[in-house]
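Worksheet: the structure to be examined is printed underneath.
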Number of protein chains: 2
Amino acid sequence: MSQRDFVSADEVARRAGVSRSAVSRAFTPGASVSDATRQKVLQAAEELGYQVNHLARGLMRNESGIVCLIVSDVATPYRSTLLRELTLQLQLAGKVAMLINTDRSDGSVNRALEQAIRYRADASVILSGLPDKSITELCLRSGQRLVLINRDEDQSGALHINLDDWEAASRVVTAFMRAGCSRLAFANSEAGTPSLMAREEGFIAAAREHGLDVIVERHGSTGYEAGRVVAQRLLTRKERPDAVFCATDLLACGLMDAARHQFSLSIPQQLCIVGFDDIEQASWSSYRLTTFAQPIGAIAREAVAWLSQGGVADGRSLTLQADLIWRDSVRGG
Amino acid sequence: MSQRDFVSADEVARRAGVSRSAVSRAFTPGASVSDATRQKVLQAAEELGYQVNHLARGLMRNESGIVCLIVSDVATPYRSTLLRELTLQLQLAGKVAMLINTDRSDGSVNRALEQAIRYRADASVILSGLPDKSITELCLRSGQRLVLINRDEDQSGALHINLDDWEAASRVVTAFMRAGCSRLAFANSEAGTPSLMAREEGFIAAAREHGLDVIVERHGSTGYEAGRVVAQRLLTRKERPDAVFCATDLLACGLMDAARHQFSLSIPQQLCIVGFDDIEQASWSSYRLTTFAQPIGAIAREAVAWLSQGGVADGRSLTLQADLIWRDSVRGG
DNA sequence: GCAGCATTTGCACACGCTTGCAAAAAGCGC
DNA sequence: GCGCTTTTTGCAAGCGTGTGCAAATGCTGC
């Protein structure tokens, strides 16, 4: 390792002709320093290129300023968008993001998380697919604040941010009925995430209120390929559905492509489709998918605001609304 | 902030009946401890739930174990895939990733980077779009190792990982000629990234060798929308191109959609298209885009291997090959 | 000038860890 | 058992910072 020599507060103090504590205080908002010395310190620091060592500061303050983002399927459009928004907000709040990838289901997940705990992260935001309760407990047990996005496991003391999936699902039923559809289907993955299941159950419930049954097909993980497989199953039935609500835009894209290119169905004339997430691809002119936009900006803002507030942060549950974006995959928008 | 009390090495030492140094050594690979005491320590640590405090360790060792990933456009398919691979490899190597988002072009980029330097990151990997030299210099000046992916600015002491964009570009010309195309065009963004420019220049050079001119159109940032705009410009020319090489798959998707839905062209019969990156969407059946796959796994592995090697790591330049993936957007694959 | 007060400042200790150094223990050949 | 070498252990001095406390300084009103 190359010898790295950083300037320390001592050197700054010497150059500014003050004590080392003065330097420390100059970099601590709200500390007791006169403006005169603060200026002297800041100038000396500037000249020397001094940067407060956050490892040492974290050690003293018992507060590292690190927030760790625990996420699987980072490369997925929805997740990566949320990730972008979160890192942006964190940076604005003066925090720093540590990224934990839980794609590998072997022990490396836990190893990575322990790694983060060793850095004494102040908080964790979980937007991971796998609902591994042991992970969340490990976080809380180590005194971190915890934000759970779209997973309503009842973890007391944490901030839960969820969408009103039921309400959204019922709006889809209304839309489908208005489009004159009657053979409803739901396309899901086998992930079994709380929010995915809520969309499914909400859809079924709302359909039943209108006296309609719903065909449910689930397959694999929540991606494009799964959409194709589900399409295969749904569109070869004797009673072919004329409306499919997909738990996810990726599923919807896969299903849509299969419906068009494999079954030569035209959308929305022969088949109406609604997705969820409003990923970028949903607006591409090959899809023009009617879907729900998650309030990603608001989610990120709420999360960061909660975890960077002072004092004791008590558990809270936040339910946000998803916005229905009308495009061309449902008749009669 | 909730009172967080972690168990310290002292407590472990007491419980195991050894000195604090013994605990420290038990957690340091290659340190001088007998197996007997190491076992005693590990057991006591297990029982107490002890985790080495990496802030303190980093302070002592002058080596934090933190690698910071500096990236813009995180939500983009190619970037997020690379990000996934990098975090995975880093975790495997026992390092931890700090994510710096440089999307905002205002001062927050530099502020975020300084933030990372304050945590004494050992290394930075730059996969950011903006070629801000001041950033890279700041990293090097603070003694970090530096990995630059797809940006060949000559930064001595860093590891440069690049693709052979020229070679790839020349293969595209060959493919287009074999498909019987003669009116070649190149679609680019205005980002001006070294790798994007290399694709453009390589394409032009290779075409000229075959006695062909290339129409070049650039617009905006490297995304879907830009592809549509460029399509607008290219496909309304009197001499409409019959083959377009797009600097990026996103551009290609936008261009393809516009060509089909707006200009009613059929691909590849009336227009051949080649992209770059092999993002997931390129394989979707609405596109089936012929494109180049970046060896993302290899890039990540090389990067992590280089930055986690012991001793002095001297600058190095690595050129990898992109794999041409034949799909259906060029005639005669 | 002085008492009385608020504001600044420096000292010194703490944070939790690593590591050089010397002392202690263990191993070995006889 | 004794000398010798090798391994293991504990001590203590750091790493760069924050902060309580007491001393010092600066004000104010008389």
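The values are calculated or read from the model by the stated rules, or taken from the named source; none is laboratory data. What you see is a predicted model; the values in this text were computed from it and never measured. Using ideal geometry, Cβ is built from the backbone for each residue, glycine included, and neighbour counts are taken over all protein chains shown.
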Pairs needed: first member in the range B:55-78, farther than 22 Å from B:Ala305 by Cβ; second member anywhere, among the aromatic types (Phe, Trp, Tyr) and within 16 Å of DNA strand C (Cβ to nearest atom); C-beta distance under 7 Å; at least 6 residues apart or different chains. B:Leu55/A:Tyr119
State yes or no: is B:Ile273 crowded, with 16+ Cβ neighbours inside 10 Å and more than 27 Å from A:Phe263 (Cβ to Cβ)? no
Within the range B:43-71, track down each residue that is of a type in the set (S, T, N, Q) and more than 16 Å from DNA strand D (Cβ to nearest atom). B:Gln51
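Residue-by-condition table, conditions (1) more than 19 Å from the chain's Cα centre (by Cα); (2) outside the structural domain of B:Ser264 (by TED's automatic domain parsing); (3) of a type in the set (D, E, K, R):
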{"site": "B:Asp154", "(1), (2), (3)": "no, yes, yes"}
{"site": "B:Ala169", "(1), (2), (3)": "yes, no, no"}
{"site": "B:Ser182", "(1), (2), (3)": "yes, no, no"}
{"site": "B:Phe186", "(1), (2), (3)": "yes, no, no"}
{"site": "B:Gly192", "(1), (2), (3)": "no, no, no"}
{"site": "B:Ala207", "(1), (2), (3)": "yes, no, no"}
{"site": "B:His210", "(1), (2), (3)": "yes, no, no"}
{"site": "B:Ser221", "(1), (2), (3)": "no, no, no"}
{"site": "B:Phe245", "(1), (2), (3)": "yes, no, no"}
Of the residues A:Leu255, A:Leu251, A:Leu289, only one is at pLDDT 95 or above, buried (at least 21 other Cβ atoms within 10 Å of the Cβ), within 19 Å of A:Ser182 (Cα to Cα) and within 14 Å of chain B (Cβ to nearest Cβ); which? A:Leu255
With A:Leu99, A:Leu83, A:Leu90 as the choices, which residue is more than 16 Å from DNA strand C (Cβ to nearest atom), touching a Leu at 6+ places or on another chain (Cβ under 6 Å), closer than 22 Å to A:Cys139 by Cα and in contact (Cβ under 8 Å) with a residue 12 or more places away in the chain? A:Leu99
The helices (runs of 4 or more DSSP H) lying wholly within the range A:105-197 that contain at least 1 residues that are polar (S, T, N, Q) and modelled with pLDDT of 95 or more are A:165-178
For the structure I just gave you, tell me whether B:Val12 is surrounded by 15 or more Cβ atoms within 10 Å (Cβ to Cβ), over 27 Å from B:Ala97 (Cα atoms) and either within 8 Å of DNA strand C (Cβ to nearest atom) or assigned by TED's automatic domain parsing to the domain that holds B:Gln309 (or both). yes
Return the pairs, sorted by first residue and then second, in which the second residue is at pLDDT below 95 and within 12 Å of DNA strand D (Cβ to nearest atom), the first residue lies in the range B:1-25 and is closer than 17 Å to A:Arg118 by Cα and within 11 Å of chain A (Cβ to nearest Cβ), the beta carbons are less than 7 Å apart, and the residues are 6+ apart or on different chains. B:Arg4/A:Asn62
Please determine whether any residue of the range A:22-30 is farther than 27 Å from B:Glu137 by Cα, near DNA strand D (Cβ under 8 Å from one of its atoms) and among the basic types (Lys, Arg). yes
So which pairs qualify, if the first residue must be in the range A:36-47 and among the acidic types (Asp, Glu), the second must be in a helix (DSSP H, G or I), the Cβ gap must be under 8 Å, and the two must be at least 6 apart or on different chains? A:Glu47/A:Arg15
Among the residues of the range A:241-248, is there at least one that is assigned to a loop (DSSP other than H, G, I, E, B) and among the β-branched types (Val, Ile, Thr)? yes
Quick check on my filter: what residues within the range B:15-51 are near DNA strand C (Cβ under 7 Å from one of its atoms) and over 29 Å from A:Val67 (Cα atoms)? B:Arg20, B:Ser21, B:Ala31
In the range A:41-64, how many residues are part of a loop (DSSP other than H, G, I, E, B), within 8 Å of chain B (Cβ to nearest Cβ) and either under 22 Å from B:Ile100 (Cα atoms) or not polar (S, T, N, Q) (or both)? 6
Unmet criterion (only one of (1) outside any loop (DSSP other than H, G, I, E, B); (2) in contact (Cβ under 8 Å) with a residue 12 or more places away in the chain; (3) within 23 Å of A:Leu324 (Cα to Cα); (4) within 26 Å of the chain's Cα centre (by Cα)) for A:Asp257: (4)
Looking only at the range B:309-327, which residues are more than 11 Å from every other protein chain (Cβ to nearest Cβ) and either farther than 23 Å from B:Asp152 by Cβ or part of a loop (DSSP other than H, G, I, E, B) (or both)? B:Gly315, B:Gln321, B:Ala322, B:Ile325, B:Trp326, B:Arg327
Just a yes or no: is a residue in the range B:132-151 surrounded by fewer than 19 Cβ atoms within 10 Å (Cβ to Cβ), more than 21 Å from the chain's Cα centre (by Cα) and farther than 18 Å from A:Val96 by Cα? yes
Identify, by number, the condition in (1) within 12 Å of DNA strand C (Cβ to nearest atom); (2) in contact with a helix residue (DSSP H, G or I) (Cβ under 6 Å, 6 or more places away or on another chain); (3) facing chain A (nearest Cβ under 9 Å) that B:Asp73 doesn't meet. (1)
Of the residues in the range B:258-286, how many are among the charged types (D, E, K, R), away from every other protein chain (no Cβ under 12 Å) and farther than 13 Å from B:Gly223 by Cα? 1
Quick check on my filter: what residues within the range A:52-69 are away from DNA strand C (no atom under 12 Å from the Cβ) and over 29 Å from the mean Cα position of the chain (by Cα)? A:Val52
Name the one entry in B:Ala116, B:Ala123 that is touching a helix residue (DSSP H, G or I) at 6+ places or on another chain (Cβ under 7 Å), among the hydrophobic types (A, V, I, L, M, F, W, C), under 29 Å from B:Ala298 (Cβ atoms) and more than 16 Å from DNA strand C (Cβ to nearest atom). B:Ala123
Name the residue that is surrounded by the fewest Cβ atoms within 10 Å (Cβ to Cβ), counting only residues in the range B:76-117 that are more than 8 Å from chain A (Cβ to nearest Cβ) and hydroxyl-bearing (Ser, Thr, Tyr). B:Ser105
Test A:Ala9 against the criterion of being within 14 Å of DNA strand D (Cβ to nearest atom) and within 22 Å of B:Gln144 (Cβ to Cβ), and give yes or no. yes
